[in-house]
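See below for the structure under consideration.
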Amino acid sequence: MARANTTKRAILDAALELAATKGITGTTMDEVAELAGVAKGSLYYNFSSKDQLFEALLQEGVGALADSLRSAKGELRGWDAVDALVTRLLDLIAANAPLAKLMASEIFRTDRAWQETLFALRHDALAVFAEAIDETDAAAGRSGIMASGVFGAVLMSGLEWLVFEPERDRDEVAAAILATLRVR
C-alpha cells in the first residue's frame, strides 16, 4: 500500500511540474511516466487517462487550498479574516508555485473534462473569502464577485511577486493587496 501511494505521489508531482511549465495540453502521459520514474503501465493503473490524472491533481491541490483557507479564517471576522486569508493564500502560492500557475491557467478553461470538479472546488475556496467579505463594511451584497476579485488579485499578485519581484517580502505584497482592497 505504501508503494502504491509513493507511486501515485510521484506521478502527481511529475504531472504538476510538467503542466506548470508546458501546460496540460503540452504535457504527455509518456513525459509524466518518465519524470515520475514509473512504467507507463503503473501510470495507467493509477490514472486511466490524462483527464483523470489532472482532475485528481487539481482536486487534491484546490481541495487542500480551500481547507487551508478555512483554517486561516478560523474565528476571525471581517477585515481581520480577509487579512489572514490574503496572507495564507500568498504563503500557499509561495509554497506551491507550480499549482498556482496551473490554477491561473486552467481556472477559466471551460472545455476540460474536470471543469465541473474545478468549479466546485473553486466555489469552496471563494466561499471562505465571501464569508469574510460579508462581515466587512464593503460587501453591500457583492461579496461573491468581490471574493472572486480578491482571490484573483492575490493569485496573480502572488505569481507576479514570485516570478518578477522575489526580493520583496511577503508582508509587503500582502499589504499592497490589502491597501488596494480598502480603496473606495
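The values are calculated or read from the model by the stated rules, or taken from the named source; none is laboratory data. On a predicted model such as this, the values are computed, not experimentally measured, just so you know. Ideal geometry is used to build each Cβ from the backbone, glycine not excepted, and the neighbour counts take in all protein chains shown. These area figures cover heavy atoms from the full protein model, side chains too; ligands, DNA and RNA do not enter into them. Shrake-Rupley method; radii C 1.70, N 1.55, O 1.52, S 1.80 Å.
The set of residues from segment 103-135 being part of a loop (DSSP other than H, G, I, E, B) and open to solvent by less than 20 Å² (accessible area, probe 1.4 Å) comprises just one member, TRP114.
Mind listing just one residue for me: the one in segment 35-49 that is of a type in the set (A, V, I, L, M, F, W, C) and over 25 Å from the mean Cα position of the chain (by Cα) and, of those, least open to solvent (accessible area, probe 1.4 Å)? Walk me through it before giving the result.
Initially, segment 35-49 is screened for residues of a type in the set (A, V, I, L, M, F, W, C), giving 35-36, 38-39, 43, 47.
When the remaining residues are screened for being over 25 Å from the mean Cα position of the chain (by Cα), the result is 38-39.
Values: VAL38: 32, ALA39: 63 Å².
Only one residue tops the list, namely VAL38.
Quick test for you: out of LEU89, LEU121, pick the one residue that is closer than 21 Å to ALA179 by Cβ and touching a residue at least 60 places away in the same chain (Cβ under 8 Å). Answer to the selection: LEU89.
Does ALA100 fit the bill of being of a type in the set (A, V, I, L, M, F, W, C), within 10 Å of the chain's Cα centre (by Cα), surrounded by fewer than 17 Cβ atoms within 10 Å (Cβ to Cβ) and in a helix (DSSP H, G or I)?
Numbers: of a type in the set (A, V, I, L, M, F, W, C): yes; within 10 Å of the chain's Cα centre (by Cα): yes; surrounded by fewer than 17 Cβ atoms within 10 Å (Cβ to Cβ): no; in a helix (DSSP H, G or I): yes.
Criteria not met by ALA100.
Quick check, is GLU75 assigned to a loop (DSSP other than H, G, I, E, B) and open to solvent by 40 Å² or more (accessible area, probe 1.4 Å)? Yes: the conditions hold for GLU75. In segment 137-148, is there at least one residue being touching a residue at least 24 places away in the same chain (Cβ under 8 Å), assigned by TED's automatic domain parsing to the domain that holds ASP83, under 20 Å from LEU69 (Cα atoms) and in a helix (DSSP H, G or I)? Checked segment 137-148: no residue is touching a residue at least 24 places away in the same chain (Cβ under 8 Å), assigned by TED's automatic domain parsing to the domain that holds ASP83, under 20 Å from LEU69 (Cα atoms) and in a helix (DSSP H, G or I). For segment 1-34: of the residues being in a loop (DSSP other than H, G, I, E, B) and surrounded by fewer than 19 Cβ atoms within 10 Å (Cβ to Cβ), which is farthest from the chain's Cα centre (by Cα)? By that ranking, first place goes to MET1.
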